[in-house]
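Each remark here refers to the structure printed beneath this line.
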Amino acid sequence: MNQPPLMFSIHVWEVDADHDSLLAVALPEWDIIAVAAAPFDDSVSPRARYEHWIETAASSIMAAQPDGPVHLLGWSLGGRLGYVVATRLEQLGRTVAFFGVIDAASEWPSLRPSSLPWLARMLRAERTAGVRWKLIRRGPLSRILWRSKWALSVVVPRRRRAQLLKERPNGEIARYLNPSIVANMRVAALIVLVESTIPVTVYATAASVAYYAKPDLWWSTIVGEHCRVMPISGNHVSLFDEEHRETLLGAIKATLPAVDPLGG
């Protein structure tokens, strides 16, 4: 019997596999392979962790699929990480035939010097004052606010930190007190996306389109005409919930490359 084609699912956190089971049910002709993010290790610098993970992810994908076109899918931060992996695979001589991004923006202006040219480019591309202000407010200014809140959270007594995390494990305070989340946020700040011709399909919620003020969530800035957009329902958190998942899974099925049916 022919082997099903592989779809590599790029994860954000150490354990983030619930949506893979949904993908496996919706895409029975594909074999969903999880590529999990590196586990939290406070003895390693964020840059070392990030660079090691990219190389490990690319190597594991090539080991699982030694030849043929590669298919990748990433949700949230996994979308940006997946794109870096995709560009690394192409540097190593592999062809990325499909890269799906689930509700994740591409390069988004931050405080690092390497991001400022992107901010300038985005501002030049937009003539609307409201969009320009949104780029600044939700780019560099939001990073300043995040860093300020993180700095303030450091002074919270350890006993109080544990209590807050227990009471509201998914609340905003967890973003600043949970060392694993903070570590991943620091890794996210290191990601730099380079221009390429990798085909990118963006599955975007209306909430994210409104937030980022761009239907393609700025991916055409990276890949130009090689970007296509599929609207999906829900928001960034709820898109895999029961009332929205069919829209997402249907959009993914409609845009995947055709594969040979399993047979003898």
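The values are calculated or read from the model by the stated rules, or taken from the named source; none is laboratory data. Every value quoted in this text rests on a predicted model; they were computed, and no experiment measured them. A quick note on method: Cβ atoms are made from the backbone with ideal geometry, for glycine too, and the neighbour counts reach across all protein chains shown.
So that you can scan it fast, the table gives a plain yes or no per residue for (1) over 15 Å from the mean Cα position of the chain (by Cα); (2) farther than 15 Å from Ile33 by Cα:
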residue: Ala64; (1), (2): yes, no
residue: Gly74; (1), (2): no, no
residue: Val85; (1), (2): no, no
residue: Leu89; (1), (2): yes, yes
residue: Arg94; (1), (2): yes, yes
residue: Val101; (1), (2): no, yes
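Suppose we filter the range 246-261 for residues that are modelled with pLDDT under 90 and surrounded by 12 or more Cβ atoms within 10 Å (Cβ to Cβ); how many remain? Step through it out loud before you land on a result.
Step one: list which residues in the range 246-261 are modelled with pLDDT under 90, which gives 257-261.
When the remaining residues are screened for being surrounded by 12 or more Cβ atoms within 10 Å (Cβ to Cβ), the result is 259.
Final tally of qualifying residues: 1.
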Any hit, the range 52-63, residues being out of contact with any Lys or Arg (no Cβ under 9 Å at 6 or more places or on another chain), at pLDDT below 90 and either in the same structural domain as Ala207 (by TED's automatic domain parsing) or not in a strand (DSSP E or B) (or both): yes
